[in-house]
1. Which of the following residues is on the phi < 0 side of the Ramachandran plot and in contact with a helix residue (DSSP H, G or I) (Cβ under 7 Å, 6 or more places away or on another chain): Val93, Val122, Val83, Val142?
2. So Val132 ticks every box in (1) within 20 Å of the chain's Cα centre (by Cα); (2) assigned to a strand (DSSP E or B); (3) surrounded by fewer than 17 Cβ atoms within 10 Å (Cβ to Cβ) but one. Which box is left unticked?
3. Has region 22-33 got any residue that is farther than 20 Å from Phe147 by Cβ, out of contact with any strand residue (DSSP E or B) (no Cβ under 6 Å at 6 or more places or on another chain) and surrounded by 16 or more Cβ atoms within 10 Å (Cβ to Cβ)?
4. Regarding Ala101, is this residue surrounded by 17 or more Cβ atoms within 10 Å (Cβ to Cβ), among the hydrophobic types (A, V, I, L, M, F, W, C) and either within 21 Å of the chain's Cα centre (by Cα) or closer than 30 Å to Leu5 by Cα (or both)?
5. Does Asn74 satisfy being out of contact with any Pro (no Cβ under 6 Å at 6 or more places or on another chain), under 30 Å from Val125 (Cα atoms) and modelled with pLDDT under 90?
Amino acid sequence: MDIILTKDIPNLGFATDVVKVRSGYGRNYLIPQGLAIPASEANLKMNEETLKQKAFKADKIKKEAEAMMQLLENITVKIGAKVASTGKIFGSVNALQISEALKDQFNYDVDRRKIFIDGENVKEVGEYKAKVMLHKGVTVMVNFEVFAE
């Protein structure tokens, strides 16, 4: 029996996959639980249209990420921090501060969980780099400068 999965099922397949299963497993478990639908001609056409729409949306998101990458390559984000007389920062600069600085200075909204700072901690005044993952396969190195307030 051929079915179209509506949800990801371990050891069977991912959502929108057309898979062949035993008739009893499909009729008595997968379809009643809402995990799959029968692979009729109408359902296959609907599934094909769904896949086209997902591909279109994913392509659009990737193009937006690549455009954002072009913008972020050539900028330097300035982050102010309180500094001791020895030149060390009270605390450290983290991804949240970089994300907020990008939003304030350039109006670019980047999720803090997608920003990774080279090295462990930024605890001194100076110039550094952070890796920003905008989309799967689209990453950019952003320069940021920490200065004394």
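1. Values: Val93 fails: in contact with a helix residue (DSSP H, G or I) (Cβ under 7 Å, 6 or more places away or on another chain); Val122 fails: in contact with a helix residue (DSSP H, G or I) (Cβ under 7 Å, 6 or more places away or on another chain); Val83 fails: in contact with a helix residue (DSSP H, G or I) (Cβ under 7 Å, 6 or more places away or on another chain).
From the options Val93, Val122, Val83, Val142, the qualifying one is Val142.
2. Every listed condition holds for Val132 apart from (3).
3. Taking region 22-33 and keeping what is farther than 20 Å from Phe147 by Cβ, we get 22-33.
If we keep only those that are out of contact with any strand residue (DSSP E or B) (no Cβ under 6 Å at 6 or more places or on another chain) as well, we get 22-25, 27-29, 31-33.
Among the residues that remain, those that are also surrounded by 16 or more Cβ atoms within 10 Å (Cβ to Cβ) are: 31.
Yes; the residues of region 22-33 include at least one that is farther than 20 Å from Phe147 by Cβ, out of contact with any strand residue (DSSP E or B) (no Cβ under 6 Å at 6 or more places or on another chain) and surrounded by 16 or more Cβ atoms within 10 Å (Cβ to Cβ).
4. Working: surrounded by 17 or more Cβ atoms within 10 Å (Cβ to Cβ): yes; among the hydrophobic types (A, V, I, L, M, F, W, C): yes; either within 21 Å of the chain's Cα centre (by Cα) or closer than 30 Å to Leu5 by Cα (or both): yes.
In short, yes.
5. Numbers: out of contact with any Pro (no Cβ under 6 Å at 6 or more places or on another chain): yes; under 30 Å from Val125 (Cα atoms): yes; modelled with pLDDT under 90: yes.
In short, yes.
Quick grid of which residues meet (1) charged (D, E, K, R); (2) assigned by TED's automatic domain parsing to the domain that holds Ala55; (3) part of a helix (DSSP H, G or I):
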site	(1), (2), (3)
Lys7	yes, yes, no
Asn11	no, yes, no
Thr16	no, yes, no
Val19	no, yes, no
Gly24	no, yes, yes
Arg27	yes, yes, yes
Gln33	no, yes, no
Ile37	no, yes, no
Ala42	no, yes, yes
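The values are calculated or read from the model by the stated rules, or taken from the named source; none is laboratory data. Model, not experiment: these values are computed from the prediction. As a convention, Cβ positions derive from the backbone with ideal geometry for all residues, glycine included, and neighbour counts pool all protein chains shown.
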